[in-house]
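Heads up: the structure comes next, in structure tokens.
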Amino acid sequence: MSTHAKHNTPWYLWPFVAIWKLLAVIVEMTGRLVAMILGIVLMIVGVLVSLTIVGAIIGIPLAIVGLLLFLRGIF
């Protein structure tokens, strides 16, 4: 989390400030959604790869990375 200093925006710039904040929220939510989808895909691929003993060397860490990415997207 970051702290923002309070800026006094002139009344004639409020529409631009509102549009900018709306775009920032949309980009943030899109990034979270992409992270969650990518995390689920990596978990599925990790589990499928780890069905063999040799693939477990790569599959288990891949599934863990997917889980961590999914959790990062949630929180």
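The values are calculated or read from the model by the stated rules, or taken from the named source; none is laboratory data. Keep in mind it's a predicted model, so treat the numbers as computed, not measured. Positions of Cβ are backbone-derived with ideal geometry, glycine not excepted, and every protein chain shown enters the neighbour counts. All accessible areas refer to the heavy atoms of the entire protein, side chains included, with ligands and DNA or RNA removed. Shrake-Rupley method; radii C 1.70, N 1.55, O 1.52, S 1.80 Å.
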Pairs returned, first residue in region 24-50 that is small (G, A, S), second residue that is open to solvent by 70 Å² or more (accessible area, probe 1.4 Å) and in a helix (DSSP H, G or I), beta-carbon separation under 7 angstrom, 6 or more apart or interchain, are A35/R72; G39/L67; G46/I60; S50/I60
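Please count how many residues of region 1-13 are open to solvent by 100 Å² or more (accessible area, probe 1.4 Å) and either modelled with pLDDT of 90 or more or under 30 Å from L67 (Cβ atoms) (or both).
Here is the first cut: in region 1-13, the ones open to solvent by 100 Å² or more (accessible area, probe 1.4 Å) are 1, 3-4, 6-8, 11-12.
Still in the running and either modelled with pLDDT of 90 or more or under 30 Å from L67 (Cβ atoms) (or both): 1.
Residues that pass the stated criteria total 1.
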With the structure loaded, tell me whether V54 is surrounded by 10 or more Cβ atoms within 10 Å (Cβ to Cβ) and β-branched (V, I, T) or whether it fails that test. no
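Among the residues of region 15-61, write down those that are among the charged types (D, E, K, R) and closer than 17 Å to I74 by Cβ.
E28, R32
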Could you tell me whether any residue of region 63-73 is in contact with a Lys or Arg (Cβ under 6 Å, 6 or more places away or on another chain) and surrounded by 16 or more Cβ atoms within 10 Å (Cβ to Cβ)? yes
